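Undergrad: For reference, the structure I am asking about is given below.
The values are calculated or read from the model by the stated rules, or taken from the named source; none is laboratory data. No experiment lies behind these values; they were computed from the predicted model shown. Glycine also receives a Cβ, built like all others from the backbone with ideal geometry; neighbour counts cover every protein chain displayed. The accessibility values were calculated without ligands, DNA or RNA, using every heavy atom of the protein model including side chains. Shrake-Rupley method; radii C 1.70, N 1.55, O 1.52, S 1.80 Å.
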Amino acid sequence: MEYTSLYRKYRPTTFSEMVGQDHITKTLKNQVISGRIGHAYLFNGGRGTGKTSAAKILARAINCLNPKDGEPCNECEICKAMLEGSLTDVVEMDAASNNSVEDIRAIRDEVNFLPTLAKNRVYIIDEVHMLSTGAFNALLKTLEEPPAHVKFILATTEPQKLPATILSRCQRFDFKRLLEEDIVKRLQIVCKQSQIDITEEALQVIAVLAEGAARDALSILERCSQEKEGTIDVTQVKNLVGIPGVKVVSTIIKEMIQQNPEQALITLEEVLLDGKDLTNLLWEMIKYVKDLLVYKTTQTLKIYNKEELKEIAEISKSISKEKLIEWIYGLSEIENNMKWSTQKEIMLQTGLIKLSTNVNYDGMDELKKKVQELENTIKSGNIVVNSTQLNQTPKQETQAKVSAQKTVPKANIENLTSEQYWPKVIEQLKQTGKMVLYSNMINTKAKQKDDLTLEVIFPNGITKFGKDLLQRPENMQEIVRLVSMECGKEMRIKYIEGNEYVPKKEDSLEEKIKSLDIPVNIIEE
């Protein structure tokens, strides 16, 4: 007898057998019961979420001779013929390999013929987004006004690639990614019917690995069942898909927390020599760090046994939530960099060294932040100690605080002129990395109009782009801040274009050429 894969053998045959898509199956059954069947449907969703299964069930339900509560009976000759794939009135087409105009024209010519046995001729077009532009155009008119006996069911994983003219002609149903609990329930049914002995923890791991796709979960289960006889456990599942065990991952994380990158790399090398996949290892590390964060926040976790939970509790005490979040972003960045690198192992090794040599334990992050703030305050010189405040009354203390808030700290160069401190302002822009502002200010001059206003002069004029850039609030605020620091008081900035300061005597041609600072040869005729 020919062997059939689990995902094909246990494909749902009724709406009630489908898991995780109740919002869709309920609507479709009501339409079948009421007889209000649409002429075109669009089933959208990720892989393995039940789009094709729902399309086949709907095709049987609207043609079944003895439907019950909107479900096909799967016993009449029409249902049996569809299940066997021998009914010519139901056409399944893969648009990935049949995407030409000719393929759609063949459908357009067939729709005019009445069905042979069934009540309706049904066209199921999978991966419909793969159709060419010409094919979509050929399908438009038929899809909008098909004969009464023709129904279209389109399925896709990328609805954004479909023309709006197609989308507007279909009833759209979005299939959700399946929950892990729903996948586990389905796997339990399959294991019971196929007599597969597997632990509950192994089913949980398979559900996580499937990433919301029931078909992927059944494929993993099938591979595990063929690998060995007896009970399938977590270790076998992880070994089969190339995922390192929790013990190995926790060891690497502990070595990183202890700032021991050398030992972490040795453990990493052992994992790689064991044939584990780098991407799977990094995925497990990200998941483990995430679980540490979840446990540190909620004190609960699923999947892990008592021994593993005890170790997680111990590890979580030695690292802060902030650092765990930082690690998740850091490991995700390593994963992204590995996708585009031919030296994946080097990228992983250097990334782990970087993360493991910059660890802050619980409470250290906050302490370091406060120390840094204190150091910055001391360096700024904006500290005034007044011994008379020691014996002040609460009222006097409040008045002193208000007075201190209104006082602007004086700079040491208060008596310098604008010509003296303006170059320092420009240099500050360069030192702080604000190169766009620096490049626009480099040839400017400054002139203090009065005690509160500084005029910034552009001798060579300024472009519209440069003017718009300098007048942006954030850029204006930065320049005002630097000037105020140099002056020791709040200042205003006013931009002056160079035409107000152009000397009456026009420069000679030689002087203009000299100002360009490029070699120019003048040929006299």
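Undergrad: Of everything in region 182-197, what is over 16 Å from ALA214 (Cα atoms) and among the basic types (Lys, Arg)? Give them in sequence order.
TA: First, pick out the residues of region 182-197 that are over 16 Å from ALA214 (Cα atoms): 192-197.
Scanning region 182-197 gives a single hit, LYS192.
Undergrad: What is the one condition in (1) surrounded by fewer than 18 Cβ atoms within 10 Å (Cβ to Cβ); (2) at negative phi; (3) in contact (Cβ under 8 Å) with a residue 60 or more places away in the chain that ILE312 does not satisfy?
TA: Failing condition for ILE312: (1).
Undergrad: Among the numbered criteria (1) under 18 Å from THR279 (Cβ atoms); (2) open to solvent by 20 Å² or more (accessible area, probe 1.4 Å), which one does GLN204 miss?
TA: Going through the list (1) under 18 Å from THR279 (Cβ atoms); (2) open to solvent by 20 Å² or more (accessible area, probe 1.4 Å), GLN204 breaks only (1).
Undergrad: Of the numbered conditions (1) modelled with pLDDT of 85 or more; (2) open to solvent by 20 Å² or more (accessible area, probe 1.4 Å); (3) in a helix (DSSP H, G or I); (4) not hydroxyl-bearing (Ser, Thr, Tyr), ASN239 fails exactly one; give the number of that condition.
TA: Answer for ASN239: the failing condition is (1).
Undergrad: In region 162-191, which residues are under 20 Å from the mean Cα position of the chain (by Cα) and surrounded by fewer than 18 Cβ atoms within 10 Å (Cβ to Cβ)?
TA: LYS176, ARG177, LEU179
Undergrad: Further question: State whether one or more residues within region 15-23 are over 28 Å from VAL190 (Cα atoms) and either surrounded by 19 or more Cβ atoms within 10 Å (Cβ to Cβ) or β-branched (Val, Ile, Thr) (or both).
TA: First pass over region 15-23, keeping only residues over 28 Å from VAL190 (Cα atoms): none.
No, the conditions are met nowhere in region 15-23.
Undergrad: Kindly check whether there is at least one residue in region 225-236 that is part of a loop (DSSP other than H, G, I, E, B), modelled with pLDDT of 80 or more, of a type in the set (A, V, I, L, M) and open to solvent by less than 30 Å² (accessible area, probe 1.4 Å). Spell out the reasoning first.
TA: Here is the first cut: in region 225-236, the ones part of a loop (DSSP other than H, G, I, E, B) are 228-231, 233.
With the extra rule that they be modelled with pLDDT of 80 or more, the set shrinks to 231, 233.
The next check asks that each one be of a type in the set (A, V, I, L, M); those that pass are none.
So far as region 225-236 goes, no, none of its residues is part of a loop (DSSP other than H, G, I, E, B), modelled with pLDDT of 80 or more, of a type in the set (A, V, I, L, M) and open to solvent by less than 30 Å² (accessible area, probe 1.4 Å).
Undergrad: Please find, within region 25-60, the residue that is nearest to the chain's Cα centre (by Cα) out of those that are of a type in the set (Val, Ile, Thr) and more than 19 Å from CYS79 (Cα to Cα). Steps first, answer last, please.
TA: Residues of region 25-60 of a type in the set (Val, Ile, Thr): 25, 27, 32-33, 37, 49, 52, 57.
Pick out the ones that are also more than 19 Å from CYS79 (Cα to Cα) and you get 27, 49.
Values: THR27: 32, THR49: 21 Å.
Ranking the qualifying residues of region 25-60, first place goes to THR49.
Undergrad: Kindly indicate whether ILE196 is closer than 20 Å to ARG8 by Cβ, free of Cβ contacts under 8 Å to residues at least 60 places away in the same chain and crowded, with 19+ Cβ neighbours inside 10 Å.
TA: Working: closer than 20 Å to ARG8 by Cβ: yes; free of Cβ contacts under 8 Å to residues at least 60 places away in the same chain: yes; crowded, with 19+ Cβ neighbours inside 10 Å: no.
When the stated conditions are applied, ILE196 does not pass them.
Undergrad: Next question. Please name all residue pairs, on different chains or six or more residues apart, with Cβ atoms under 8 Å, provided the first residue is in region 99-117 and is farther than 23 Å from LEU162 by Cβ and the second residue is among the acidic types (Asp, Glu).
TA: PRO115/ASP89; THR116/ASP89; LEU117/GLU77; LEU117/ASP89
Undergrad: For region 1-16, what are the residues that are at pLDDT below 90, under 34 Å from the mean Cα position of the chain (by Cα) and assigned to a helix (DSSP H, G or I)?
TA: Within region 1-16, LEU6, TYR7, ARG8 meet the criteria.
Undergrad: Here's something else I'd like to know. Where in region 427-492 are there helices (runs of 4 or more DSSP H), lying fully within it, with 2 or more residues that are within 15 Å of THR417 (Cβ to Cβ)? Walk me through it before giving the result.
TA: Numbers: elements: 435-441, 464-470, 473-487.
In region 427-492, 473-487 are the helices (runs of 4 or more DSSP H) which contain 2 or more residues that are within 15 Å of THR417 (Cβ to Cβ).
Undergrad: For region 192-213: of the residues being more than 29 Å from the chain's Cα centre (by Cα) and of a type in the set (Val, Ile, Thr), which is farthest from ILE286 (Cα to Cα)? Talk me through it step by step, then tell me what you get.
TA: Looking only at region 192-213, we keep the residues that are more than 29 Å from the chain's Cα centre (by Cα), and these are 192-200.
Cutting the leftovers down to of a type in the set (Val, Ile, Thr) gives us 196, 198-199.
On the way: ILE196: 31, ILE198: 26, THR199: 25 Å.
So, considering only residues that are more than 29 Å from the chain's Cα centre (by Cα) and of a type in the set (Val, Ile, Thr), the one farthest from ILE286 (Cα to Cα) is ILE196.
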